[in-house]
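These notes are about the structure you will find just below.
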């Protein structure tokens, strides 16, 4: 028995909660039939669960922006309450009429508003449902952005590196050229000593000595050139190493920006690159959920609650109209009476003589005051 009473109390509380969600007058509903109460509770339940879906969707969308659970839940709750209030207002302001098209015209602005709300609610959940596909698209975009970023940064360093490499090649070419010259001089004095070239005399004569000295001098110059160019090459290679490290550091510094390219707008753009049909069906689902209370109220026949509400509102309108009419008539009558009263008073000689006497006294007092003031000035 106690369990049954507890269950009945819980059911009543839930029913009244959904009545509140539907925006209906609970005092009127309490006097209506069970079927009418169930209909209004169903509309209220649709409004409530639409707000719950809005809370979940907005909380997830805000989580992708703030990356903080508590902040996302807080603002998601505010958004859910806002959607709840809007839906409750939309449903409660649709009045049943005798004409369906009259009701439809009345509900058209509310349907447009419901369409906008459905878009707002559906989009974040689409992002969650297609999260893996969106991550794949974002990965491809991040890879493309990484390559583009590396190429763009490389354009700042490539000319300098190429110039340094060209200078290094020129320095090495100088050494190679000098080595060839020294080798040629070596062959010249060796063949002179062997008698196979030059004077064609075997032995180390004066010509051999001259060619040997020329070779030794060139060899000394080669050594000096090699040492000097090796030093310059080492300096330029150090510059190239520094530029390479600077390039790598700049790439590393800019990479976190690319890695963080997964915000709300990026995910929406990635979603738009996926096939449109699944997203469209999800949008239709939320559109149906959001417009369900309005469509249900349009399609439902005029019930007991609507008739009683219309009767109460008509009574109030009649009472207001009567009060307004009475105020207008009272004001008109009072004006006529006042005109007659003041007209009768204006014709009385006693009042005329009294006011004439008082006016004369005031004028005398003004004359005496002016005389005293003038006398004080003189």
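The values are calculated or read from the model by the stated rules, or taken from the named source; none is laboratory data. Please read these numbers as outputs of a predicted model, since none were measured by experiment. Here the Cβ positions follow ideal geometry from the backbone for every residue, glycine too, while neighbour counts run over all protein chains shown.
Which residues, counting only those in the range 231-251, are closer than 16 Å to residue 165 by Cβ and in contact (Cβ under 8 Å) with a residue 24 or more places away in the chain?
Residues satisfying the conditions are 232, 233, 236, 237, 239, 240, 243, 244, 247.
Residues that are crowded, with 19+ Cβ neighbours inside 10 Å, out of contact with any strand residue (DSSP E or B) (no Cβ under 8 Å at 6 or more places or on another chain) and at pLDDT 80 or above: list the helices (runs of 4 or more DSSP H) wholly contained in the range 1-78 that include at least 2 such residues. It would help to see each step written out before you state the result.
Numbers: elements: 2-22, 26-30, 34-66.
By residue number, 2-22, 34-66.
Would you check if residue 216 is modelled with pLDDT under 85, outside any helix (DSSP H, G or I) and surrounded by 13 or more Cβ atoms within 10 Å (Cβ to Cβ)? Lay out the reasoning, then the answer.
Values: modelled with pLDDT under 85: yes; outside any helix (DSSP H, G or I): no; surrounded by 13 or more Cβ atoms within 10 Å (Cβ to Cβ): yes.
Answer is no for this residue.
Output the helices (runs of 4 or more DSSP H) that fall wholly within the range 244-353 and possess 3 or more residues being over 30 Å from residue 32 (Cα atoms) and under 29 Å from the mean Cα position of the chain (by Cα), or say none.
264-272, 276-299
When you look at residue 369, is it surrounded by 10 or more Cβ atoms within 10 Å (Cβ to Cβ) and under 47 Å from the mean Cα position of the chain (by Cα), yes or no?
No.
Read through the list (1) loosely packed, with under 15 Cβ neighbours inside 10 Å; (2) within 19 Å of the chain's Cα centre (by Cα); (3) at pLDDT 75 or above, then give the number of the only condition that residue 143 fails.
Evaluating residue 143 over (1) loosely packed, with under 15 Cβ neighbours inside 10 Å; (2) within 19 Å of the chain's Cα centre (by Cα); (3) at pLDDT 75 or above leaves (2) as the failure.
Among (1) assigned by TED's automatic domain parsing to the domain that holds residue 108; (2) surrounded by 16 or more Cβ atoms within 10 Å (Cβ to Cβ), where does residue 240 come up short?
It is condition (1) that residue 240 fails.
Can you tell which of 165, 151 is in the same structural domain as residue 261 (by TED's automatic domain parsing), out of contact with any helix residue (DSSP H, G or I) (no Cβ under 9 Å at 6 or more places or on another chain), modelled with pLDDT of 85 or more and under 30 Å from residue 241 (Cβ atoms)?
Numbers: 165 fails: out of contact with any helix residue (DSSP H, G or I) (no Cβ under 9 Å at 6 or more places or on another chain).
Only one candidate passes the filter, namely 151.
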